[in-house]
Every structure is written in structure tokens, then in C-alpha cells.
1. Working only within the stretch 217-237, note down all residues that are among the β-branched types (V, I, T) and under 21 Å from D205 (Cα atoms).
2. Scan (1) in contact (Cβ under 8 Å) with a residue 12 or more places away in the chain; (2) surrounded by fewer than 17 Cβ atoms within 10 Å (Cβ to Cβ); (3) of a type in the set (S, T, N, Q) for the single condition Q150 breaks and write down its number.
3. Take the stretch 156-184 and flag every residue that is of a type in the set (A, V, I, L, M) and over 24 Å from Y94 (Cα atoms).
4. Restricting attention to the stretch 75-94, and to residues there that are acidic (D, E) and in a loop (DSSP other than H, G, I, E, B), which single residue is nearest to the chain's Cα centre (by Cα)?
5. Restricting to the stretch 151-162, name every residue that is within 25 Å of M5 (Cβ to Cβ) and in a helix (DSSP H, G or I).
6. What is the residue count in the stretch 179-195 for residues that are under 16 Å from G218 (Cβ atoms) and in a helix (DSSP H, G or I)?
7. Go through the stretch 95-105 and count every residue that is part of a helix (DSSP H, G or I), touching a helix residue (DSSP H, G or I) at 6+ places or on another chain (Cβ under 7 Å) and either without any contact (Cβ under 8 Å) to a residue 12 or more places away in the chain or under 11 Å from D69 (Cα atoms) (or both).
Amino acid sequence: MESGMVRPLIAGNWKMNGLSQSCDTIASIASGLATYDDVADCLICPPATLLSKVVEAASGSRLKTGAQDCHASSSGAHTGDIAAEMIADIGGEYVIIGHSERRADHGETSEMVAAKAEAAFRAGLTPIICIGETLEEREAGRTIEVVSSQLAGSIPASAFGKSFVVAYEPVWAIGTGKVASTGQVEEVHDKIREILGERFPGQADETPILYGGSMKPGNAAELLAVENVDGGLIGGASLKAEDFLAIYAACVTQK
């Protein structure tokens, strides 16, 4: 799993799920982490409405917190948007950007994603840059082409190895129950590492590459054992403390 000096990361994306009582889950995850060796990072990105409460619930624990999106600007007339500085202001450390659901539902381009990553850097956040192909693109044999293009276009010029995280999420495997084979995952992750190596000589092994796409307790160990898979971006399984901690345990075991 681990490549070079990279520290593994298990990140939970709650998407548009969670109310105030969901902070009980955060407390359970935070306390559960204390039972494992501190060899991998753990993160929850709740809806913006819960971020302040989640930061509070995770306080004093190893659980890191972040948001699911940010605007490229630091302030202004952008109704409904949230600036990276606002996320940092309430204690968030990470921000997910370029998720396929944002790219599809909101028309986000790689250029827009790169601007958001730049905003994250400006605010002192670590962006998790998401890339991935659709089923149609995979069936057309364009997976490597699409992933390579998205990656090249989504990383801002100011980036360096340790400043960001990459998450590969095949769109056809998100929330569908379908999971890419280990061979498919290895092919894409190896290509991502190769591209990072070309762009950041000597730093490629410092960037965590996460796999997302229906990772759960039953398949986490197999996926995390794949070379250049440095963790996971977890959707549905992150909503239950028991399931999320089981995935984290699988990551710790791989160490």
C-alpha cells in the first residue's frame, strides 16, 4: 500500500447526509481511533452545516476534519458558497474538491478545480483532488487518457508533493456497489504516481493517492494492499462508526 514516505489517509465524505445528532458518530470514531496505532491519518468531511460541531466533537482526538467543497475566492457576492478561509476559520484542515458529483452536477472543470486547490493552499488547507472516469469512458478504453487529463488540469502550479492528496474515484463505482478490480485500481494508481513523478521530481512518493468507489469493511483490506493505494475516500461506509473504523483498522494492518 504505502509508497515511499507517504502517510496513509482514510477519509470519510458524508456528502449531503447528517444532522446534529450525527455528532454522536463523530465521538465514536474519535474515541475508537485511540485504540489503534497512530500510523495513518483519519478524516471526516461532513456537510458545511455540521463542520463546526464536528470540529468540536473531534477536539482533542486524532480525528481530522474538513469540508466537501470551497469557492476559489476568499470572499464576495457568491450566495451559497463557502470560502476556504471560512473552513479554516472554524478549524477544518482539509477540503474535497473536484468530486465527480461536483463535476457532473455543477459543471466543474479541471480549471475550476485547480483554482479551488489554489484557494485551499491560500487558506492553509490540504485539498483532496478527485479524478475519475465514467462507465462510458472506461468502456471506450479512455480511462488513462481521462484520468491523466483531469490530474494535469486540476493541480495548480503552486502545488508540491506534500501539499495535496489525490483521490481516484471511478464514477461508475461510486454508490453503485460496483468496485473496480485490484488490477484496474493498480493500473490507474500506478499511472497517477508516474504523472506525479514527472511533475514533482523527488516528491511523487509524498502525495497520498486514495481509492474511492464503494470501499467498505469487506473489501478494504484487498484494495488497500494494492501498490500505490495509500488510503481511501469513503462514502456510505463513513456514516457508521463501526464500518469506518473497520476500514481504518484494515489500513493500519497494511502498515
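The values are calculated or read from the model by the stated rules, or taken from the named source; none is laboratory data. Model, not experiment: these values are computed from the prediction. As a convention, Cβ positions derive from the backbone with ideal geometry for all residues, glycine included, and neighbour counts pool all protein chains shown.
1. Correct list: V226, V229.
2. Every condition holds for Q150 apart from (2).
3. Going residue by residue through the stretch 156-184, those that are of a type in the set (A, V, I, L, M) are 157, 159, 165-167, 171, 173-174, 179-180.
V179, A180 - these are the residues of the stretch 156-184 that are of a type in the set (A, V, I, L, M) and over 24 Å from Y94 (Cα atoms).
4. Our first condition is that a residue be acidic (D, E); within the stretch 75-94, this holds for 81, 85, 89, 93.
Applying the additional criterion that residues be in a loop (DSSP other than H, G, I, E, B) yields 81, 93.
Working: D81: 20, E93: 12 Å.
The extreme case among them is E93.
5. Within the stretch 151-162, the subset within 25 Å of M5 (Cβ to Cβ) is 151-152, 154-162.
Scanning the stretch 151-162 gives L151, A152, S154, G161, K162.
6. Here is the first cut: in the stretch 179-195, the residues under 16 Å from G218 (Cβ atoms) are 179-182, 185.
Narrowing the set further to residues that are in a helix (DSSP H, G or I) leaves 182, 185.
Qualifying residue count, the stretch 179-195: 2.
7. Taking the stretch 95-105 as the starting set, the residues that turn out to be part of a helix (DSSP H, G or I) are 100-105.
Within this subset, residues satisfying the condition of being touching a helix residue (DSSP H, G or I) at 6+ places or on another chain (Cβ under 7 Å) are 100.
In the following step, the residues that additionally are either without any contact (Cβ under 8 Å) to a residue 12 or more places away in the chain or under 11 Å from D69 (Cα atoms) (or both) were identified as none.
The number of residues fulfilling the criteria is 0.
This table checks each residue for (1) within 24 Å of K162 (Cα to Cα); (2) charged (D, E, K, R); (3) part of a loop (DSSP other than H, G, I, E, B); (4) under 14 Å from the mean Cα position of the chain (by Cα).
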| site | (1), (2), (3), (4) |
| --- | --- |
| G107 | no, no, yes, no |
| A117 | yes, no, no, yes |
| E136 | no, yes, no, no |
| G141 | no, no, yes, no |
